[in-house]
Amino acid sequence: MDGNKKMALLGSAPMPKALLALGVPTMAGMLVNALYNLVDTYFAGGLGTGQMGAVTVAFPLGQIVVGLGLLFGNGAAAYLSRLLGQGDTDKANKVASTALYSGISIGAVVILFSLIFLEPILKQAGAIESVMPYAVTYTRIYIVFSVFNVFNVTMNNIVSSEGAAKTAMCALMAGAVLNVVLDPVFIYALNLGIAGAAIATAISQIVSASVYLYYIFRKKSVFNFSIKQCCFTKEIMAEILKIGIPTLIFQLLTSLSISMINSAAKEHGGSALAAMGPVTKIMSMGTLIVFGFLKGFQPVAGFSYGAKKFDRLREAIKTAVLWSTIFCAIFGLAAVIFSEQIVSLFTKEDTEMVRVGSAALRANGLSFILFGFYTVYSFLFLVMGKAAEGCVLGACRQGICFVPVILTLPAVWGLSGVLCAQPAADVISAIVTAVMAVRLHRELRAAETHIPLPPLDH
């Protein structure tokens, strides 16, 4: 897709066409990407409960690494879509380059830190004695190659901001499909066990990075990437970080919430801890599909807001809320109805794990119906540059609302309190979002009435 077609898609194409063209490829890519995280869990489950527990406790650390890519990638994407709407391509090039190289540099530092303090981090994430050896083996390999994941996440957001959704899809799918193929080869055929799962993931991340590098070097992007273009001015860094930091906070809270659930679950035995793995991955698959679709909504909303096309912005919001809610209802109800069958796929004989996992999946499936609604507005506030509001909404589900719930419910309700902590936080977050959404639409109507009329032709 050339630059003119991308701009037309962002600024003038019919809304359903624009959201589908931009959102579906990224959504498909993220679906497959979520599936390969799930595949790691599936094949690790075939090795035993301890190995599955290893993948479960490693997941939060992986989310932190992804958060670094989102810090600069998503922070830049919101700004980039507005700059393209304003026609400022020179500044857009500087922002894109600054975000990419900053993400890689800081990512490398954090990865090094994680390797030095790996065992204490894994213990904090919920690793019990029987799980720790497998967790160290898996995570050490996984985290070393996560620098490629930081690059991939950053680039995914940048190319999505310019409407190149198909490129994002190809990069994600190339790595994901390869991981699905390599997992059984490395784990079972080559008899590498849990280390094989990590090696398969590492190779897959390198392949995804290669797709983005091809996109850059063949000059397919609207942006020009160069170290010389990096510009750490107060204005650029402020615009990136005011969106990137709330996004990072959201990701860190996601990691924290998973760790807190794991820690609460381990008090009820290894089977309860292992059960959290497939439940977390399955629900993450649903959330990533929504995020993928909203990657199509994000540039359209940012472009429309930057160009002061408020009618188009309202249409984008309405369509995104409706479509994402329909998907969440279907996905959530499927998780409820088929909970036992789904969890049973991840273990051969652990009936306690199936019992706990099924109950958790049913509870999370019901509350997932609300996810699309509050995620649309979380994305919207950020892309409009309203960092404070976006930060509050981003932090609600797995921070502001979740932490008090996970600290109190298990004490009152035991294991059931652990399983229902996230659903309870979902309900509270939806209520907060509704209040903030009403206020936002009032502001948009007020802004629209103050737009100066175009000059009359003489």
For this session: Find the residue count for the stretch 250-291, including only residues that are in contact with a Leu (Cβ under 9 Å, 6 or more places away or on another chain) and aromatic (Phe, Trp, Tyr).
Result: 1
Exercise. In the set LEU10, LEU68, which member is modelled with pLDDT of 70 or more and either under 18 Å from VAL290 (Cβ atoms) or surrounded by 23 or more Cβ atoms within 10 Å (Cβ to Cβ) (or both)?
Worked result: LEU68
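Conditions (1) within 28 Å of ALA238 (Cα to Cα); (2) modelled with pLDDT of 85 or more; (3) touching a Ser or Thr at 6+ places or on another chain (Cβ under 8 Å); (4) not in a loop (DSSP other than H, G, I, E, B), marked per residue:
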{"site": "LYS348", "(1), (2), (3), (4)": "no, no, no, no"}
{"site": "THR375", "(1), (2), (3), (4)": "yes, yes, yes, yes"}
{"site": "LEU407", "(1), (2), (3), (4)": "no, yes, no, yes"}
{"site": "CYS420", "(1), (2), (3), (4)": "no, yes, no, yes"}
{"site": "VAL427", "(1), (2), (3), (4)": "no, yes, yes, yes"}
{"site": "VAL432", "(1), (2), (3), (4)": "yes, yes, no, yes"}
{"site": "ARG442", "(1), (2), (3), (4)": "yes, yes, no, yes"}
{"site": "ALA447", "(1), (2), (3), (4)": "yes, no, no, yes"}
{"site": "LEU456", "(1), (2), (3), (4)": "no, no, no, no"}
Problem set entry | Filter result (closer than 30 Å to GLY46 by Cβ, in contact (Cβ under 8 Å) with a residue 60 or more places away in the chain and touching a Gly at 6+ places or on another chain (Cβ under 6 Å)) within the stretch 206-236 | SER208
Exercise. Here are some residues: SER344, SER358. Which one is among the polar types (S, T, N, Q), closer than 30 Å to GLY48 by Cα and surrounded by fewer than 18 Cβ atoms within 10 Å (Cβ to Cβ)?
Worked result: SER344
Seminar exercise, completed: Picking from ALA301, ALA307, the residue that is closer than 29 Å to ALA446 by Cα, surrounded by fewer than 21 Cβ atoms within 10 Å (Cβ to Cβ) and small (Gly, Ala, Ser) would be ALA307
Exercise. Across the stretch 112-129, what is the total count of residues that are among the polar types (S, T, N, Q) and without any contact (Cβ under 8 Å) to a residue 60 or more places away in the chain?
Worked result: 1
Seminar exercise, completed: Taking the stretch 179-199 and keeping residues modelled with pLDDT of 90 or more, crowded, with 17+ Cβ neighbours inside 10 Å and either more than 19 Å from GLY53 (Cβ to Cβ) or in contact with a strand residue (DSSP E or B) (Cβ under 6 Å, 6 or more places away or on another chain) (or both) leaves LEU182, PRO184, PHE186, ILE199
Seminar exercise, completed: For the stretch 403-443 the number of residues that are β-branched (Val, Ile, Thr) and under 12 Å from SER257 (Cβ atoms) is 4
For this session: Output the number of residues of the stretch 261-280 satisfying the condition of being buried (at least 22 other Cβ atoms within 10 Å of the Cβ) and either in contact with a strand residue (DSSP E or B) (Cβ under 7 Å, 6 or more places away or on another chain) or not polar (S, T, N, Q) (or both).
Result: 11
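Residue-wise test of (1) over 20 Å from GLN298 (Cβ atoms); (2) hydrophobic (A, V, I, L, M, F, W, C); (3) over 20 Å from the mean Cα position of the chain (by Cα).
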| position | (1), (2), (3) |
| --- | --- |
| GLY73 | no, no, no |
| TYR79 | no, no, no |
| ALA92 | no, yes, yes |
| ILE106 | yes, yes, no |
| VAL110 | yes, yes, no |
| ILE121 | yes, yes, yes |
For this session: Considering every residue within the stretch 285-296, establish whether at least one is crowded, with 23+ Cβ neighbours inside 10 Å and modelled with pLDDT of 85 or more.
Result: yes
Seminar exercise, completed: Residue set VAL150, VAL144; condition crowded, with 24+ Cβ neighbours inside 10 Å, closer than 24 Å to GLY244 by Cα, modelled with pLDDT of 85 or more and β-branched (Val, Ile, Thr); output residue VAL150
Exercise. Can you name the residue in the stretch 205-248 that is more than 23 Å from the chain's Cα centre (by Cα) and basic (Lys, Arg) and, of all such residues, is nearest to ARG397 (Cα to Cα)?
Worked result: LYS234
For this session: Kindly list, by first and then second residue, each pair from a residue in the stretch 154-175 that is over 14 Å from SER97 (Cα atoms) and free of Cβ contacts under 8 Å to residues at least 40 places away in the same chain to a residue that is of a type in the set (A, V, I, L, M) and part of a helix (DSSP H, G or I), limited to pairs with Cβ atoms under 6 Å and residues at least 6 apart or on different chains.
Result: ALA174/VAL207; ALA174/VAL211
Exercise. Any idea which of (1) more than 19 Å from ALA275 (Cβ to Cβ); (2) of a type in the set (Val, Ile, Thr); (3) crowded, with 24+ Cβ neighbours inside 10 Å is the one VAL392 doesn't satisfy?
Worked result: (3)
Seminar exercise, completed: Looking across the stretch 156-177 at residues that are under 15 Å from the mean Cα position of the chain (by Cα) and farther than 23 Å from LEU38 by Cα, the single one that is modelled with the lowest pLDDT is SER160
Exercise. Hey, which of the helices (runs of 4 or more DSSP H) in the stretch 48-143, taking only ones fully inside, have at least 2 residues that are touching an Asp or Glu at 6+ places or on another chain (Cβ under 9 Å) and among the polar types (S, T, N, Q)?
Worked result: 49-86
Exercise. Which condition does VAL222 not pass, out of (1) of a type in the set (Val, Ile, Thr); (2) part of a helix (DSSP H, G or I); (3) under 22 Å from LYS295 (Cα atoms), if it passes all the others?
Worked result: (2)
Problem set entry | Residues being more than 17 Å from GLY103 (Cβ to Cβ) and buried (at least 17 other Cβ atoms within 10 Å of the Cβ) - total across the stretch 216-238 | 1
For this session: Please work out which one of (1) part of a helix (DSSP H, G or I); (2) over 23 Å from the mean Cα position of the chain (by Cα); (3) surrounded by fewer than 21 Cβ atoms within 10 Å (Cβ to Cβ) is the condition THR319 fails and give its number.
Result: (2)
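The values are calculated or read from the model by the stated rules, or taken from the named source; none is laboratory data. Remember, it's a predicted structure, so these values are computed and weren't measured experimentally. All Cβ positions, glycine included, derive from the backbone under ideal geometry; neighbour counts span all protein chains shown.
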